[in-house]
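> To start, I am sharing the structure in question, which I have written as structure tokens.
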Amino acid sequence: MTKVQFFGAGLPGFQEKDLPGRLIVLEGTDGVGRSTQIALLKAWLESTGFAVLDTGLTRSLLAGRGLKKAKEGHTLGARTMDLFYATDLADRLENQMIPALRAGFVVLTDRYVYSLMARAIVRGAPKEWIQSVYGFALKPDAVFYLKIDLPHLIPRVLTSTGFDYWESGMDFLPGSDMYDCFVEYQSRLLSTFDQLAQQYDFEIVDARQTVNKVFSVLQRKIRKVLPKVAPVVNIQALSMPPEANAKEDTKDVESSLEDQRETIQALDDGQLIEDKLEAVAASSRKSASVGRKAKKKKKT
Amino acid sequence: MQAGLDTRFPGKLFIVEGIDGSGKSTQLDLLYKWLIAEGYCVFFSAWNSSPLVKKTTKLGKETRTLSPTTFSLIHATDFADRTEREIIPPLKAGAVVLADRYVYTAFARDSVRGNDREWIRKVYGFAVPPTIGFYFRVPLETALERILAGRPELKYYEAGLDMGWSDDPYESFRIFQGKILEEYEQLVKEYNLTVIDATLPITEQQYIVRSLVKPHLKNVLRDPQFHRRRRWLTDWLSVRQAGK
């Protein structure tokens, strides 16, 4: 069980004090190797018996597409972008991450509020403002900051995706030379990350090392955050918050146990967690409306 | 207010607030027409109209997947886009900007939806404070009569059905508007909004609005052709009359 804490006032109507899952954040600038590590960690955790949900920026059903589209046009202003990303995160938090945490998943997120704060601050937003915007967000169990310096970063970016318009700060930096902008933007971003790392107590991982080395460091650090034994995933909790569960009669409880047995069986059979991920996506929407209805019933 | 955007400009910003059926849009439209006729450069910004954000808001509303938090944030995103594109640039140029609904709409609605009051105010910290914020005060029953007389189809979020107060859209709408009205009354005090009695005849309200706006128009940007064109028009009229 992890105690629920928010950065600020939290989500309206959210009552649970604990969530059985773990929220683990990987932070770091573009090209540092976050997604590679997440893929490795996911496979490792699943083979150890944990159910894993991986998520990242712009992957919400609500705002993901709209945000990507807005970025394509390059007409997105700084404050608009900040709040669009906040909308995307809020939707993923409410509809993907919290339901998964409730069900006992390990949630691996590729960037979290910190990257979004850093981007906003570098683009001139006051720190206090962007921090208060994220008052609704859940505090994670651990933040691993993959730290790199510019000389090591540039070859990696060049050999993977190349320089990106937004990741070079072309939207607000003067001049039209992408390389110069990239250097300037990433230097500012890295120093902002350093400040945030202090304030929020990131665990710093030296990302200049090889993929395998970084992976084993992360494994060692993540083990400390995980429960000793992988919890049995509560499929029921995926589709309903606890208030709704409490109303179930014994018959449903029995069938839920049946579900869990099937899940364990499925795991034994080597069937991967993909099914459950789909279940998260499908049931998360339902969960939101069912949750509200359940609350309403309670009141009347 | 603050959030990294400069908010001191030569232009003037007039905004209207009030519950649905208070007649605020009618009044703003009349003000708009008058300002244009007087040759002022006027820019109009409507609530929830950013083309960048529209599709996302529409998606959320149609699929009914907006929570109180995402409802609030997506409207703040819309507002940020309009602030950056439609509100600040004309104000910098010295023009008049008119806004139908402003941050106070968000403060009222989002609080009723259970969001933290302090949080909402901080999120909108980047907003430009208006020159005058008009609040059209109307009794709940009068506004409901105006809106519900034709039994219009009320939309899900418009009626506040997401809050589960009632399954009947009309009943839910009544409850929602009543709660918003209470919030507005607090906001009038908190932000010193200019209250207009929205039960007065339309022309009378407009007279008051114009007389309050006028003193602020001295240095506002005007169409340089305006005076010449007006002179031409008066000349033309007098020639025509003489010809009769």
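> Got a sec? Which of B:LEU73, B:LEU59, B:LEU30, B:LEU52 is surrounded by fewer than 22 Cβ atoms within 10 Å (Cβ to Cβ), in contact with a Leu (Cβ under 7 Å, 6 or more places away or on another chain) and aliphatic (A, V, I, L, M)?
Exactly one residue qualifies, and that residue is B:LEU59.
> Working only within the range A:52-101, note down all residues that are over 11 Å from the mean Cα position of the chain (by Cα), more than 30 Å from B:GLU86 (Cα to Cα) and not β-branched (Val, Ile, Thr).
The answer is A:GLU94, A:ASN95, A:PRO99, A:ALA100, A:LEU101.
> Just name the residue that is farthest from B:TYR40 (Cα to Cα) out of those in the range B:206-244 that are modelled with pLDDT of 85 or more and basic (Lys, Arg).
Per the criteria, the residue is B:ARG210.
> Can you find a residue in the range B:72-90 that is at the interface with chain A (Cβ under 9 Å from one of its Cβ atoms), touching a residue at least 12 places away in the same chain (Cβ under 8 Å), assigned to a helix (DSSP H, G or I) and over 18 Å from the mean Cα position of the chain (by Cα)?
yes
> Going by the structure shown, is B:VAL42 aliphatic (A, V, I, L, M), within 14 Å of chain A (Cβ to nearest Cβ) and touching a helix residue (DSSP H, G or I) at 6+ places or on another chain (Cβ under 6 Å)?
no
> With respect to A:GLY8, is the statement that it is small (Gly, Ala, Ser), more than 8 Å from chain B (Cβ to nearest Cβ) and touching a Gly at 6+ places or on another chain (Cβ under 8 Å) true?
Criteria not met by A:GLY8.
> Right, next: Restricting attention to the range B:53-66, which residues are facing chain A (nearest Cβ under 9 Å) and touching a residue at least 40 places away in the same chain (Cβ under 8 Å)? Walk me through it before giving the result.
Here is the first cut: in the range B:53-66, the ones facing chain A (nearest Cβ under 9 Å) are B:53-57, B:59-60, B:63-66.
Result: B:ARG64, B:LEU66.
> Within the range A:114-129, can you find the residues that are more than 7 Å from every other protein chain (Cβ to nearest Cβ) and over 14 Å from A:PHE193 (Cα atoms)?
A:GLU128
> Considering only residues that are outside any loop (DSSP other than H, G, I, E, B), charged (D, E, K, R) and farther than 21 Å from B:VAL16 by Cα, which ones fall in the range B:136-180?
B:ASP162, B:GLU171, B:ARG174
> Now, a different point. For the range A:68-108, give me the residue count where each residue is among the hydrophobic types (A, V, I, L, M, F, W, C), within 8 Å of chain B (Cβ to nearest Cβ) and either touching a Gly at 6+ places or on another chain (Cβ under 6 Å) or surrounded by 24 or more Cβ atoms within 10 Å (Cβ to Cβ) (or both). Steps first, please.
In the first step, residues of the range A:68-108 are kept if they are among the hydrophobic types (A, V, I, L, M, F, W, C); the result is A:70, A:76, A:78, A:81, A:83-84, A:86, A:89-90, A:93, A:97-98, A:100-101, A:103, A:105-108.
The next check asks that each one be within 8 Å of chain B (Cβ to nearest Cβ); those that pass are A:70, A:76, A:78, A:83-84, A:86, A:90.
Of the ones still in play, those that are also either touching a Gly at 6+ places or on another chain (Cβ under 6 Å) or surrounded by 24 or more Cβ atoms within 10 Å (Cβ to Cβ) (or both) are A:70, A:83-84, A:86, A:90.
So the answer is 5.
The values are calculated or read from the model by the stated rules, or taken from the named source; none is laboratory data. Being a predicted model, the structure only gives us computed values, none of them experimental. Backbone-built Cβ (ideal geometry, glycine too); neighbour counts: all protein chains shown.
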